[in-house]
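Below is one structure; the comments refer to it alone.
The values are calculated or read from the model by the stated rules, or taken from the named source; none is laboratory data. Quantities reported herein were computed from a predicted structural model and do not represent experimental measurements. All Cβ positions, even for glycine, are placed from backbone atoms using ideal geometry, and neighbour counts span all protein chains on display. For the accessible areas, the whole protein counts, side chains as well, though only heavy atoms, and no ligand, DNA or RNA atoms are used. Shrake-Rupley method; radii C 1.70, N 1.55, O 1.52, S 1.80 Å.
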Amino acid sequence: MKNRIKQYLLAASMCVGLTACSDFFEPIPGVQFGLDETFASKQRTEEYLNNVYSYVREVTDAIHPNTYGGIFTEASLDGANRWNKTYAEWTNGSFNSASAQASEYFSKYYQAIAKASTFIQNVDKCTEAAASTRGKWKSEARALRAYYYFELLRLYGPIPLIGEDPIPLDASLEELIKERNSVDECVNFIATELQSAIDSGDLLQRAGKANLGRMDVATCMALKAKLYLYWASPLFNGNTDFFNVKDCYGNQLVSQTYDETKWAKAAAAAKDVIELAKASGLYELYVVAPKATVLPSQRPPHNALYSDKNYPEGWADVDPLLSYKSNFDGTILGSKNPELIFTRTRIGTGHINDWAYQSTPKTLKGNNRLAVTQKQVDAYAMNDGRSITEAEATGDYVTQGFTTQAYAVANPFLPAKVNLMYNNREPRFYASIAYNGSVWEASSASESEFRDQQIFYYRGLNDGKQGFKEECPLTGVTLKKFYNSEDSRTEGGYLVDKTEMTIRYGEILLIYAEALNELTSGQVYHLTTYTGADVEIQRSVDEMRYAIKRIRMRAGVPDYSEETYNNPNDFRVKLKRERQIELLGENSMRYFDLRRWKDAMTEENQLLQGCNINISDDETRIADFYKQTIITSVHKVFEQKMYLWPFPTYELKRNVNMTQNPEW
């Protein structure tokens with residue numbers, strides 16, 4: 001038993017196969033080296049670090065039927081994919097501690113943590129590398145280790161912290177068995193690790209083209225902001241529902257007392273990134289100027305406050321649709337994008353291409369499966385910033401009728417034969433959503449029959465439901481956010497290279513605004529910046545507006561009203577919707593937001609709805625396609641226990657001091 005336990009833990013900390021890598025972060029099996037041999041060589045030392053990087057996998061990696069990330073994919077998009085088996089297992093309540101997904105991330109991330117610790121302890125043996133290089137590598141490994149702990153914390157809640165030193169080969173059974181640490185202990189450890197990497201002075205302030213995907217100062221600061229945001233949110237901040245999350249000694253692992261200071265720390269961490277951006281000029285939202293050919297009808301409706309002012313005070317010099325979409329469709333390279341903070345390079349590119357494949361119509365050689373729900377569609381505002389409910393009251397939002405002329409003044413972004421419910425919506429809608437009748441340009445296709453195809457999902461058509469086969473978007477709506485108009489999967493075509501926005505500046509602005517909103521008006525917190533200076537943090541409308549207005553002006557929609565900024569409850573509601581729209585489909589944002597807000601019990605128990613894909617293109621019936629319909633083939637269940645994942649069964653058997661999360 002003792003030997004078996006050692007083998008499990010030490011497999012992660014002992015040597016790994018290292019040969020020349022064809023991709024910067026790609027681990028390739030090869031000749032086995034001992035630690036001394038590994039760290040005697042500069043090349044092998046760097047390859048070891050590359051192997052530690054190879055575990056940087058966002059949990060939305062896999063959306064195929066038999067792989068693990070499907071659980072997160074649909075929740076992060078409010079999507080519906082009955083064909084995805086892992087998603088079905090999670091949503092129908094059959095997921096348990098013996099499920100493969102429960103162990104996948106637990107084992108992989110702890111392997112990565114152990115390898116990072118081994119690297120930190122041994123890298124200074126590599127005398128072939130300069131001291132400055134070794135320092136940089138060590139700080140990268142430390143930041144990576146913090147990243148992996150953060151991912152574990154988000155999934156499983158309070159987890160065991162292994163500690164700084166690798167587990168020795170002659171460790172006793174007692175040394176190998178670890179109890180869980182509290183959430184506060186985990187957060188403080190992770191934050192300290194990130195700050196240590198920053199304080200080392202060895203990291204690049206921003207990783208350039210040659211180091212894209214490497215840990216740098218801005219990434220560490222952004223991770224601290226994300227960490228503190230999760231810590232401050234209702235899931236871990238005074239959550240009395242977690243009274244029974246305890247360690248083996250009966251100690252509560254989630255604080256039962258609400259602490260507003262945690263929100264102040266989240267705000268301060270986000271402010272650090274913002275101040276770095278201001279001082280360095282390295283980070284800002286990416287914006288594109290309008291082309292001379294843009295028609296007045298394609299600009300946001302005139303607004304006296306914003307139409308004649310330049311960004312960030314207005315949108316006069318911004319093309320909202322292109323400014324937003326270019327971040328995700330490959331129009332701008334990641335190394336040249338001021339909004340990008342961190343990306344997963346090759347893995348992230350593959351992830352985006354996979355999403356695009358799942359949403360691309362069958363007609364264009366895609367998988368034609370990814371669906372976006374009516375709830376997500378309805379979240380988007382009208383082009384003047386009003387909600388569809390507000391616009392419906394004045395007759396400006398309708399669900400009856402169709403466009404009769406392509407891209408007319410009355411419907412500048414819609415082709416003909418499209419339902420009017422999709423008309424006059426905000427630019428982010430057209431950048432992200434492929435509605436029934438959307439045009440897929442596929443301009444790189446060598447054959448004209450595959451270019452500028454208007455795709456419909458009516459039953460019986462090539463991209464719609466065929467008989468009883470639901471090999472189509474179950475809601476009649478799919479995702480277009482990661483699609484480039486040049487993309488073609490047909491022979492002779494090509495896909496534009498894209499950079500995954502794993503962490504971006506827009507997210508930091510949203511974190512800052514959310515955290516400030518949760519502070520009591522008049523309460524001032526004195527905290528420390530990443531440089532050690534004192535900073536005052538308080539609920540400030542001006543600071544909240546600084547963050548939100550940039551997001552809204554880039555999107556071409558009016559800023560929030562003064563009443564909203566001064567009403568924490570109203571601001572919270574709008575902020576949640578802003579994140580739902582702005583961060584759609586990005587790195588499981590929606591999945592984790594619903595959990596940290598404790599909204600999943602409500603949101604994920606709602607019946608999924610979309611268009612009625614059982615309706616054909618019969619002219620007398622097509623209006624019925626757009627009537628909201630429950631997606632009966634997707635069964636959703638969310639229980640209290642699902643806020644935290646279960647620890648894998650094998651870990652509970654191996655480690656007698658490990659306690660399972662409640663109800664699993």
query: Can you name every residue in the stretch 620-657 that is touching an Asp or Glu at 6+ places or on another chain (Cβ under 6 Å) and more than 24 Å from ASN605 (Cα to Cα)?
result: ASN657
message: Scan the stretch 379-398 and tell me whether some residue there is of a type in the set (Val, Ile, Thr) and farther than 25 Å from PRO296 by Cα.
response: yes
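Got a sec? Which of THR403, THR360 is out of contact with any strand residue (DSSP E or B) (no Cβ under 7 Å at 6 or more places or on another chain), polar (S, T, N, Q), within 23 Å of ILE455 (Cβ to Cβ) and free of Cβ contacts under 8 Å to residues at least 60 places away in the same chain?
Details: THR360 fails: free of Cβ contacts under 8 Å to residues at least 60 places away in the same chain.
Only one candidate qualifies: THR403.
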message: Quick check on the stretch 326-333. Is at least one of its residues open to solvent by 10 Å² or more (accessible area, probe 1.4 Å), part of a helix (DSSP H, G or I), closer than 26 Å to SER443 by Cβ and not aromatic (Phe, Trp, Tyr)?
response: no
- request: Would you be able to tell me the number of residues in the stretch 269-279 that are open to solvent by 50 Å² or more (accessible area, probe 1.4 Å) and of a type in the set (Asp, Glu)?
  value: 1
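Would a scan of the stretch 363-378 turn up a residue that is acidic (Asp, Glu), under 30 Å from ASP570 (Cβ atoms) and touching a helix residue (DSSP H, G or I) at 6+ places or on another chain (Cβ under 8 Å)?
Our first condition is that a residue be acidic (Asp, Glu); within the stretch 363-378, this holds for 378.
Those still in the list that are under 30 Å from ASP570 (Cβ atoms) too: 378.
From what is left, the residues that are touching a helix residue (DSSP H, G or I) at 6+ places or on another chain (Cβ under 8 Å) are 378.
Within the stretch 363-378 (the criterion being acidic (Asp, Glu), under 30 Å from ASP570 (Cβ atoms) and touching a helix residue (DSSP H, G or I) at 6+ places or on another chain (Cβ under 8 Å)), the answer is yes, since at least one residue qualifies.
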message: When you scan the stretch 563-576, do you find a residue that is in contact (Cβ under 8 Å) with a residue 40 or more places away in the chain, surrounded by fewer than 20 Cβ atoms within 10 Å (Cβ to Cβ) and in a loop (DSSP other than H, G, I, E, B), even just one?
response: no
task: Give the stretch 91-123 a look and list any residue that's of a type in the set (A, V, I, L, M), within 22 Å of the chain's Cα centre (by Cα) and within 18 Å of TYR48 (Cβ to Cβ), or say none.
output: ALA112, ILE113
Selection count where residues are open to solvent by less than 40 Å² (accessible area, probe 1.4 Å) and at pLDDT below 90, scope the stretch 34-49: 1
- prompt: Restricting attention to the stretch 246-268, which residues are surrounded by fewer than 23 Cβ atoms within 10 Å (Cβ to Cβ) and over 21 Å from TYR156 (Cβ atoms)?
  reply: THR257, TYR258, ASP259, GLU260, THR261
field: In the stretch 588-635, residue surrounded by the most Cβ atoms within 10 Å (Cβ to Cβ) [restricted to those that are among the basic types (Lys, Arg) and within 30 Å of ASN462 (Cβ to Cβ)]
entry: ARG621
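Could you say which residue among PHE482, PHE468, PHE450 is open to solvent by 10 Å² or more (accessible area, probe 1.4 Å), touching a Ser or Thr at 6+ places or on another chain (Cβ under 9 Å) and over 30 Å from TYR560 (Cα atoms)?
On the way: PHE482 fails: over 30 Å from TYR560 (Cα atoms); PHE468 fails: touching a Ser or Thr at 6+ places or on another chain (Cβ under 9 Å).
From the options PHE482, PHE468, PHE450, the qualifying one is PHE450.
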Residue ranges of helices (runs of 4 or more DSSP H) in the stretch 599-664 with at least 2 members closer than 25 Å to ARG579 by Cα and either of a type in the set (Gly, Ala, Ser) or modelled with pLDDT under 95 (or both): 600-603
- prompt: Out of the stretch 529-562, which residues are in a helix (DSSP H, G or I), under 17 Å from ILE274 (Cβ atoms) and touching a Pro at 6+ places or on another chain (Cβ under 9 Å)?
  reply: TYR546, LYS549, ARG550, ARG552, MET553, ARG554
- prompt: Any idea how many residues of the stretch 461-482 are more than 23 Å from the chain's Cα centre (by Cα) and not in a loop (DSSP other than H, G, I, E, B)?
  reply: 2
query: Is it the case that some residue within the stretch 493-515 is of a type outside the set (A, V, I, L, M, F, W, C), touching a Leu at 6+ places or on another chain (Cβ under 7 Å) and modelled with pLDDT under 95?
result: yes
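Limited to the stretch 295-323, what total is found for residues that are open to solvent by less than 40 Å² (accessible area, probe 1.4 Å) and touching a residue at least 24 places away in the same chain (Cβ under 8 Å)?
Keep residues of the stretch 295-323 that are open to solvent by less than 40 Å² (accessible area, probe 1.4 Å), which gives 297, 300, 303, 306-307, 311-312, 314-316, 318-321, 323.
Now restrict to residues that are touching a residue at least 24 places away in the same chain (Cβ under 8 Å): 297, 300, 303, 306, 311-312, 314-315, 318-321, 323.
Of the residues in that region, 13 qualify.
Yes/no matrix, rows are residues, columns are (1) modelled with pLDDT under 95; (2) surrounded by 19 or more Cβ atoms within 10 Å (Cβ to Cβ):
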| residue | (1), (2) |
| --- | --- |
| ALA371 | yes, yes |
| ALA393 | no, no |
| THR399 | no, no |
| THR403 | no, yes |
| TYR407 | no, no |
| LEU414 | no, yes |
| LYS417 | no, no |
| LEU420 | no, no |
